[in-house]
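Okay, structure first, notes after.
The values are calculated or read from the model by the stated rules, or taken from the named source; none is laboratory data. It should be emphasised that the depicted structure is a prediction, and the values quoted were computed from it without experimental measurement. A quick note on method: Cβ atoms are made from the backbone with ideal geometry, for glycine too, and the neighbour counts reach across all protein chains shown.
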Amino acid sequence: MELSPIANLQTIHYGRLSDGDKDEAAKLFKAANVDGFFYLHLQGSAFAALTEDIEDVFALSKALFDLSEEEKLRYDIDMLGKLKLNGYKPVGRNFGGMSARAILSLPATVTASSGVKGNRDGFESYTVLNLLLSSLSTSLGLPPEASLTRLHRNSAPSPDILRLLHYLPQPASETGTPQTPHTDLGSLTLLCTKSPGLQVLAPHSKEWAHVLTKAGCAIVNIGDGLSLLTGNLLHSCLHRVGPPPGRAMEERYSLAYLQRTEDDVRMETLPGIKVSGIDAGSSSDGNAAEVYTSKGWLEKKFGMLRRETWKEGSEGAKILTGRADGIGV
């Protein structure tokens, strides 16, 4: 059975961007402006080895998820902090929402498992997304001193996160509800997976489109953070993971790296944006009286994800989905 419809995403060649190819930079900006999702082709670039290292990460991920439940619960995500930045989340946890009052926020120093300790180099080897930020900054007309890369410095605190995700297989007769549709909070998300399941809702569309995997490519999407900082010039697209219609859900491993701005960055339109023929908005989160910092916005969104209920069309709906009308939820 063929998947339909298929998301028609642009493929951006990292090597060409690195070489300063203006046509490739223009294609990147269009993909970020219109679709909010694109393939990042890494073969033939300085980061081609990343696609090989990902296989090692998938092997590590499988080894971690194969640990006993008792061992994994030593790193219970709800015991390590309210922002879900570290730890293990069991199957079914938080399905349908969880009251904020039920969350424990316990300070802890987490001791890494032996599998993670032996693979630290693989997690620290790449800065792929910085080139994308630099190219987008140029397309936005931002001067070097105001580049988006200056809001994502390694030397400043930020809640960047690397997620190893495992979706259990389900027969077609038992496939459950797709993941809650959402937009990503941060700036850029880099996803590596070999299995189908990702679906996107294109602007002005009411039909979910399936994102196919491509050899030698990662999948990158724009988050709410870049959308806010650019006055919605860069598009944060609603997406979810779920089984293809009428088909069994295969066992799925994926790796997602979520790049986020530094904690104290004000989430409002950056001054100095100049794009010919396109106007940047002037909003922050839709409430001119209050501008959140990156840290505050993160806390707001995770608060909404954990609430038992939320009202469609409310501020909470926009924080959760990136849209004021809460479409798709």
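Within region 280-294, can one find any residue that is hydrophobic (A, V, I, L, M, F, W, C), outside any loop (DSSP other than H, G, I, E, B), more than 28 Å from Ser4 (Cβ to Cβ) and modelled with pLDDT under 90? First the steps, then the outcome.
Initially, region 280-294 is screened for residues hydrophobic (A, V, I, L, M, F, W, C), giving 280, 288-289, 291.
From the residues that got through so far, the ones that are outside any loop (DSSP other than H, G, I, E, B) too are none.
No, every residue in region 280-294 fails to be hydrophobic (A, V, I, L, M, F, W, C), outside any loop (DSSP other than H, G, I, E, B), more than 28 Å from Ser4 (Cβ to Cβ) and modelled with pLDDT under 90.
Among the residues that make up region 241-255, is at least one of them modelled with pLDDT under 90, in contact with a Cys (Cβ under 6 Å, 6 or more places away or on another chain), surrounded by 15 or more Cβ atoms within 10 Å (Cβ to Cβ) and within 30 Å of Ala63 (Cα to Cα)? Lay out the reasoning, then the answer.
Let us first name the residues in region 241-255 that are modelled with pLDDT under 90, namely 241-255.
Filter again for in contact with a Cys (Cβ under 6 Å, 6 or more places away or on another chain), leaving 255.
Applying the additional criterion that residues be surrounded by 15 or more Cβ atoms within 10 Å (Cβ to Cβ) yields 255.
With within 30 Å of Ala63 (Cα to Cα) added as a condition, the list becomes 255.
Within region 241-255, one or more residues are modelled with pLDDT under 90, in contact with a Cys (Cβ under 6 Å, 6 or more places away or on another chain), surrounded by 15 or more Cβ atoms within 10 Å (Cβ to Cβ) and within 30 Å of Ala63 (Cα to Cα).
Taking region 129-185 on its own, how many of its residues are part of a helix (DSSP H, G or I) and at pLDDT 85 or above? Spell out the reasoning first.
The first filter runs over region 129-185 and keeps only residues part of a helix (DSSP H, G or I), leaving 129-139, 144-146, 148-151, 172-174.
Narrowing the set further to residues that are at pLDDT 85 or above leaves 129-139, 144-146, 148-151.
Qualifying residue count, region 129-185: 18.
Looking only at region 1-52, count every residue that is assigned to a helix (DSSP H, G or I) and modelled with pLDDT of 70 or more and tell me the total. Don't jump to the end; show me each part of the working.
Step one: of region 1-52, the residues assigned to a helix (DSSP H, G or I) are 14-18, 22-34, 49-52.
From the residues that got through so far, the ones that are modelled with pLDDT of 70 or more too are 14-18, 22-34.
Adding up the residues that qualify gives 18.
Quick check, is Phe58 under 21 Å from Ser187 (Cβ atoms) and at pLDDT below 95?
Values: under 21 Å from Ser187 (Cβ atoms): no; at pLDDT below 95: yes.
The answer is no for Phe58.
Taking Tyr167 as the residue in question, decide whether it is farther than 29 Å from His13 by Cβ and within 20 Å of the chain's Cα centre (by Cα). Quick ask: steps written out before the conclusion?
Working: farther than 29 Å from His13 by Cβ: yes; within 20 Å of the chain's Cα centre (by Cα): yes.
So Tyr167 fits the description; yes.
Got a number for residues in region 180-213 being more than 26 Å from Asp53 (Cα to Cα) and touching a Ser or Thr at 6+ places or on another chain (Cβ under 8 Å)?
Step one: filter region 180-213 for residues more than 26 Å from Asp53 (Cα to Cα), giving 180-183, 185, 200-209.
Filter once more, so that each one left must be touching a Ser or Thr at 6+ places or on another chain (Cβ under 8 Å): 181-183.
The number of residues fulfilling the criteria is 3.
For region 244-263, which positions are under 11 Å from His152 (Cα atoms) and not basic (Lys, Arg)?
Let us first name the residues in region 244-263 that are under 11 Å from His152 (Cα atoms), namely 259-263.
Those that are under 11 Å from His152 (Cα atoms) and not basic (Lys, Arg): Gln259, Thr261, Glu262, Asp263.
Surrounded by fewer than 18 Cβ atoms within 10 Å (Cβ to Cβ), among the aliphatic types (A, V, I, L, M) and touching a residue at least 24 places away in the same chain (Cβ under 8 Å): is that true of Leu198 in this structure? So that I can check it myself, show each step before the final result.
Numbers: surrounded by fewer than 18 Cβ atoms within 10 Å (Cβ to Cβ): no; among the aliphatic types (A, V, I, L, M): yes; touching a residue at least 24 places away in the same chain (Cβ under 8 Å): yes.
Taking the combined requirement at face value, the residue does not satisfy it.
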